[in-house]
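Below is one structure; the comments refer to it alone.
The values are calculated or read from the model by the stated rules, or taken from the named source; none is laboratory data. No experiment lies behind these values; they were computed from the predicted model shown. Glycine gets a Cβ as well: all are built from the backbone with ideal geometry, and neighbour counts include every protein chain shown. Side chains are part of the model used for accessible areas, which takes the heavy atoms of the whole protein and leaves out ligands, DNA and RNA. Shrake-Rupley method; radii C 1.70, N 1.55, O 1.52, S 1.80 Å.
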Amino acid sequence: MATESDLAGAIASALAGLGVEVLPDEIRLERPQRLEHGDWSTNVALVAAKRSGRQPRALADELAAALMAAPSRHVEAVEVAGPGFVNFRLAPGWLHDALGEVVTEGEGGYAAPDLGHDEHVQIEFVSANPTGPLHVGNGWFASYGDALARIMGRTGWRVEREYYVNDTGGQIRMLGESILARRRREQVPEGGYQGEYVAELAEHYDGPEDVVAAGRFAAARILANIKETLDQIHVRFDEWYSQASIEESGQVAETIELLRGKGHVYEEDGAVWLRSTEFGDVRNRVLVKSNGDATYLAGDLAYHRNKFLVRGFDRVINVWGADHHGQVASLKAGVEALGVERDRLEVRLGQLISLVNGRMSKRAGHYVALSELIGILGPDATRLVSLLSSIDQATTLDLGKVTAESAENPVYYVQYAHARIASIGRVAAERGIERVPLEAADLSLLVHPRELDVLRVLVELPRVVTEAALERAPYKVTNWVRGLAAAFHGFYHDCYVMGEGVPAELTQARLWLVEAARVGLSVGLGLLGVDAPDSM
RNA sequence: GCCCUCGUAGCUCAGUGGAUAGAGCACCGGCCUCCGGAGCCGGGUGCGCAGGUUCGAGUCCUGCCGGGGGCGCCA
């Protein structure tokens, strides 16, 4: 934002003139919550007061006086308030400049800062075991991972989406046993999978009485179903990476040998251990059990060696449920032992989604299927409700409530704003009104509070996208989109674009405002993977 | 027992060192001669408790209480 950097520069030179030294990043401009505190505000006088040997208010007064002596563009007043804030009151022109930036840079260019510098990042998410249909908790993480990929993709990262398919090991055997038991019309064994889908799959299984064969058959069918469900909410992976392929290719043994060569492995009680405590773990971990089988950790390390050292990702982000918290320390230790800087592996733990009547469990068959939720809410609302809050927030899902609220769902509010914009375009076309070029429009006519509200929200988008990308927090985009929709609905209600008695010049200026709002909604919804419809 | 995480309005959640803590839902009342009323406007007793850090704490630190999760030669 041009205005923001103008102000920062003016503050820096004013402080220099006062003989106060500050670091560039100590000059922070923020948008005050309350309009009466101006359009921009800085707390630099509070931060630098002690160092300059002045009281905060005194320094603020001097700074304000210096800034008013040579005001920057658009500045109408500089005021000192509270303990020593310096507030800038700007003429509406700064928002008109901002409107110009939005529509000139457009959907592709506005709020697309290069933060990633082409770093190659893999985001691995969902990765639910193919032992049952996805539940709504998986859906939450699917929306999160996909939105994060979109946001980082917009801000300069090269992103790949990956799903790790856990298609081997004891759970597949257990799935096979459950299938076979069902086929024999017997009770599913202790610890087996109870869901209805197991019975259905058993009906279609006509292979041998072999747990592995039955397990693989079922896993393949389930995985196909998982892909279908994810496709419905527009979540598509670049890679479906098979755990079995890691094991069968000998990469597990190679990885253990690599670790052994680096001296991080020892033998004890007939097992092979990783000295993970040397890399921050609370205890050492077994890689190869005394019966000769590799542990899950060994496989996971082979997988991560593959990510970093074979495929060469600069950064890997794993999106996991909080129930995998216990794996983080040993995985990070192992990755570091492999010679990869530990910061290149990021594990985002999302809080679990629980049901009002208890935690979900695939084994017990107690869960709400994601496909069921999609069937009720539709893809867009499903995505939006799961992106409303931070994944750090544990949420309790009441299916009855979510569906009851669906008619009042926030997705309609936001999409309705976009549909209204499209509607304005249709009416303009009917009436033969064409938008003049931006240079020919007089944006200074936009002075209605509702108009300025819309622009004030639009100004925030670059900052919001930046925070969302750096903090891996897509819900910030959701909040922003809702705020823009609210501002637009207010504008739409109070300011007719083509109403009776609206001068032609004002219509033109408002058409540009509408276009800017369209760009904002379109960018925001695109980052969330939610459709921006022209009519509803 | 130890570790992680969360605790903000009746409910779902924003607010990650700033000024008088905000939205949505639900509830009550108002608003359509013109671009879509799935909209707009108005109505609020709330930061789990107790200390600490500093100009300033919902935010950072410590302890306690409460919810969730984790501490395997399971995956």
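Assigning unit charges at the beta carbon (Lys, Arg +1; Asp, Glu -1) and nothing else, what dipole magnitude in debye, to the nearest 20, does chain A show about its Cα centre? Walk me through the numbers before you get to the answer.
Numbers: 53 positive and 75 negative charges, 160 e Å.
So the dipole magnitude of chain A works out to roughly 780 debye.
If each residue of separation counts as 0.36 nm, what is the full-extension length gain between A:His325 and A:His493 once their alpha-carbon separation is subtracted? Walk me through the numbers before you get to the answer.
Numbers: separation 168, 0.36 × 168 = 60.48 nm, distance 4.87 nm.
Gain on extension, A:His325 to A:His493, equals 55.6 nm.
For the range A:373-458, max minus min Cα coordinate along each principal axis, in Å, sorted largest first?
Taking the Cα atoms of the range A:373-458, the three principal extents are 53, 30, 18 Å.
How much of the DSSP beta bridge set in chain A is antiparallel, as a percent to the nearest 5?
50
What would the Debye equation give as log₁₀ I(q)/I(0) for the range A:409-528 at q = 0.11 Å⁻¹, counting only Cα atoms as equal point scatterers?
Taken in order of the listed q values, log10 I(q)/I(0) reads -0.37.
Roll a 1.4 angstrom probe over the protein heavy atoms and tell me the percent of accessible area of chain A that is carbon or sulfur. Show your work: numbers first, answer last.
On the way: 11470 of 23580 Å².
Its accessible area is 49 percent carbon and sulfur atoms.
How do A:Asp238, A:Asp39, A:Asp210 stack up against each other in accessible area, from largest to smallest, with a 1.4 angstrom probe?
On the way: A:Asp238 90, A:Asp39 15, A:Asp210 65 Å².
Order by accessible area, largest first: A:Asp238, A:Asp210, A:Asp39.
Can you give me the Cα centroid spacing of the range A:135-180 and the range A:195-274 in angstrom?
13
To the nearest 10 degrees, how steep is helix A:2-17 against the longest Cα principal axis of chain A, on a 0 to 90 scale?
Tilt relative to chain A: about 70 degrees.
On a 0 to 90° scale, report how tilted helix A:170-183 is relative to the longest principal axis of chain A, with both axes built from alpha carbons and the result rounded to the nearest 10.
70
Using a Förster distance of 51 Å, how high is the FRET efficiency between A:Trp240 and A:Glu267, based on the Cβ-Cβ distance and rounded to 0.05?
0.90
Report, in cubic angstrom per residue, the convex hull volume of the C-alpha atoms of chain A.
Residue-normalised Cα hull volume stands at 194 Å³.
Assuming 0.36 nm per residue, please report the length gained on full extension of the stretch A:His448 to A:Ala394 beyond their Cα-Cα distance. If you can, show how the numbers build up before the last one.
Numbers: separation 54, 0.36 × 54 = 19.44 nm, distance 4.11 nm.
Extra length from A:His448 to A:Ala394 when fully extended: 15.3 nm.
What do you get for the angle between helix A:410-430 and the principal long axis of chain A? Use alpha-carbon atoms, 0 to 90 degrees, nearest ten.
50
What residue among A:Trp512, A:Val464, A:Gly501 has its Cα farthest toward the positive end of the dipole of the range A:443-536, where the charges are +1 on Lys, Arg and -1 on Asp, Glu, each on the Cβ?
A:Val464
Roughly speaking, what is the stretch gain from A:Ala16 to A:Ala253, that is 0.36 nm per residue apart minus the C-alpha to C-alpha distance, in nm to one decimal?
79.1 nm is the gain from fully extending A:Ala16 to A:Ala253.
Distance from the Cα centre of the range A:57-119 to that of the range A:20-48, in angstrom?
Distance between centres, Cα-based: 10 Å.
How many angstrom lie between the C-alpha centres of the range A:320-352 and the range A:466-507?
First find each Cα centre; the distance between them is then 39 Å.
From the P(r) of the range A:2-91, can you give the percent of Cα pairs sitting at distances over 15 Å?
Beyond 15 Å sits 51 percent of the P(r) for the range A:2-91.
If you count only protein heavy atoms with a 1.4 Å probe, what accessible area per residue comes out for chain A, rounded to a whole Å²? Intermediate values should be presented prior to the final figure.
Values: 23580 Å² over 536 residues.
I get 44 Å² per residue for this part.
Taking Cα pairs under 8 Å and at least six residues apart, what relative contact order does chain A come out at, in percent?
Contact order relative to length: 15 percent.
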